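Read through the structure below, which is laid out as structure tokens, and then see the notes.
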Amino acid sequence: MKAVCWHGTEDVRVDTVPDPKILNPRDAIIKVTSTAICGSDLHLYDGYIPTMKSGDILGHEFMGEVVETGSAITNLQKGDRVVVPFTISCGSCFFCNRDLWSLCDNSNPNSWMAEKFYGHSPAGLYGYSHMLGGYAGGQAEYARIPFADVGPIKIPDGMSDEQVLFLTDIFPTGYMAAENCDIQPGEVVAVWGCGPVGQFAIRSAFMLGAERVIAIDRFSERLDLAKAAGAAVLNYEEVDVGSALKEMTGGMGPDCCIDAVGMEAHGHGAMALYDTVKQAVRLETGRPIVLREAIVACRKGGKVSVPGVYGGFIDKMPMGAFVNKGLTMKSGQTHVQRYLRPLLERIQRGEIDPSFVITHTLPLEDAPRAYKIFRDKEENCIKVVLKPFASV
Ligand SMILES: [Zn+2]
Ligand SMILES: [Zn+2]
């Protein structure tokens, strides 16, 4: 089959690789009808995630049609259309039982690697390094789905791939980011980063009762999408974000601050330069420019939510501001399985059509170009969907 493979920094190729096989009774194989490139794939593309190997198949946002099931699978049948959560979870461990799916204890066969970095291992993820399981991803014609009896959700007839594909990751991720803010009536939510996750965080914040959402980015096409959702916008290349947020909130600062940017933030001034240099020489794994700004901007007693990805260590955290302002911070890889059903129902009720973020639909063979235009925001690119079988 054809698959998008990682071969090093900025080197992504479409290779011919062996078809996936059923390895365990709880596996299923799907024929991928749509798959997307995620902002977090760019951290792999840019070479900032450790334990990648040449030839690894990328992709954790994908859906398709079941073509084969293991002997223990009774919930799925050949021909079912399913969306696959990017977190691989067993469904029966301590964490899965507590709805903390991205912390599953049984889905990372390389947990020892993650334990060295993090103390404990999170769940395995598709196409996201050997430290997180070494699973083949779904930017491919076919994919193996472990624990297929608990992960995938069947999609009702009449819904397009584009409407439901982002249940795999970015819609639940944006939603959980807003939910982690515990938004109270009348509250103001500031969202740094208006990429796909930021867009879903903005819309989810409104769904969860935010009175105002302030969106921060530097690309006009992303700010326009945020405006279309009803957010006020700030271009950080034109204004000082900290002062603008203070002014817009009567000096208080936003009640909730969402870092939807993560480890490859851009910024200005001495701290941004410091991070760029330290990350380039691998003395720091992330450039936490946004996270620092969010902590300093947040109102006293406010809430900081971090859906943006951080992989390792970051410097110069304003811990003094965090402690002395009594802030709360929540983060985590998304517990996707928890959100599949309720968010599918929101789509069915017409409360949101997640396809609004798609700017490019390309055949799988165009993946190398797709990664580049997505990373460099060329052609006003916000989100790319790849079609392994162009006629499907
Ligand atoms: Zn993703
Ligand atoms: Zn589990």
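For the stretch 1-127, treating each Cα as an identical point scatterer without solvent, what Debye log10 I(q)/I(0) comes out at q = 0.17, 0.21, 0.23 1/Å?
Log-scaled intensity ratios, in q order: -1.08, -1.45, -1.50.
How about LYS78: which aspartates and glutamates have a C-alpha closer than 12 Å to its C-alpha, ignoring those fewer than 8 places off in the same chain?
List returned: GLU65, GLU68.
For labels at GLU379 and VAL239 in the simple 7 Å Cα→Cβ model, what's the distance in nm?
Taking the two extended label points, one gets 3.3 nm.
Kindly express, to the nearest 10 degrees and within the range 0 to 90, the angle between helix 196-207's C-alpha long axis and the longest C-alpha principal axis of the chain.
70 degrees
In percent, how large is the relative contact order of the stretch 345-390, given Cα pairs closer than 8 Å and 6 or more residues apart? Please report the intermediate quantities before stating the final value.
Details: 46 pairs, mean separation 20.1, N = 46.
For the stretch 345-390, the relative contact order is 44 percent.
Over the chain, what is the mean sequence separation of C-alpha contacts under 8 Å (at least six apart), divided by residue count, expressed as relative contact order in percent?
17 percent
Quick one: of LYS227/LYS377; LYS154/LYS330; LYS246/LYS316, which pairs are farther than 21 Å apart, Cα to Cα?
Where the Cα-Cα span goes over 21 Å, the pairs concerned are LYS154/LYS330; LYS246/LYS316.
Ordered by packing density, taken as the mean number of other Cβ atoms within 10 Å over each peptide's residues, highest first, how do 294-304, 43-53 rank?
Details: 294-304: 20.9, 43-53: 17.8.
Most protected by this proxy first, the peptides run 294-304, 43-53.
Just for the Cα atoms in the stretch 91-245, what are the lengths along the principal axes, largest first, rounded to whole Å?
For the stretch 91-245, the Cα spread along each principal axis is 47, 44, 31 Å.
On a 0 to 90° scale, report how tilted helix 170-179 is relative to the longest principal axis of the chain, with both axes built from alpha carbons and the result rounded to the nearest 10.
40 degrees
Round to a whole number: what % of the accessible area of the stretch 66-203 belongs to carbon and sulfur, probe 1.4 Å?
49 percent
Relative to the longest principal axis of the chain, what angle (0 to 90°, nearest 10) does the C-alpha long axis of helix 336-348 take?
Orientation of helix 336-348: about 90 degrees from the principal axis.
Would you please classify the overall shape of the stretch 225-383 from the alpha carbon gyration tensor, given that a ≥ b ≥ c denote the square roots of the eigenvalues, rounded means a/c under 1.5, and beyond that prolate means a/b larger than b/c while oblate covers the rest?
Cα axes put the stretch 225-383 in the oblate bin.
When the helices in the chain are scored as -39500 (n - 2.57) per DSSP H run of 4 or longer and the sum is shared across all residues, what 222 nm value do you end up with, to the nearest 500 deg cm²/dmol? If you can, show how the numbers build up before the last one.
Details: 13 runs with 111 residues, N = 392.
Taking each H run of at least 4 residues, the total per residue is -8000 deg cm²/dmol.
With a 1.4 Å probe and every protein chain left in place, work out the accessible area per residue of the chain in Å², rounded to a whole number.
Heavy-atom SASA per residue in the chain reads 40 Å².
Have a look at the DSSP beta bridges in the chain and tell me what percent are antiparallel, nearest 5. Each step should come with its number before you reach the end.
Values: 30 of 56 bridges.
Beta bridges within the chain, antiparallel portion: roughly 55 percent.
Bin width 10 Å, origin at 0, all Cα-Cα pairs of the chain: what percent of pairs per bin?
Whole-percent P(r) values from 0 Å outward: 5, 24, 35, 26, 9, 1, 0.
Any aspartates and glutamates with Cα under 19 Å of the LYS278 Cα? List them, leaving off those in the same chain fewer than 8 positions away.
Output for LYS278: ASP46, GLU264, GLU293, ASP315.
The values are calculated or read from the model by the stated rules, or taken from the named source; none is laboratory data. Keep in mind it's a predicted model, so treat the numbers as computed, not measured. Using ideal geometry, Cβ is built from the backbone for each residue, glycine included, and neighbour counts are taken over all protein chains shown. Quick note on the areas: whole protein, heavy atoms, side chains included, nothing else; ligands and nucleic acids left out. Shrake-Rupley method; radii C 1.70, N 1.55, O 1.52, S 1.80 Å.
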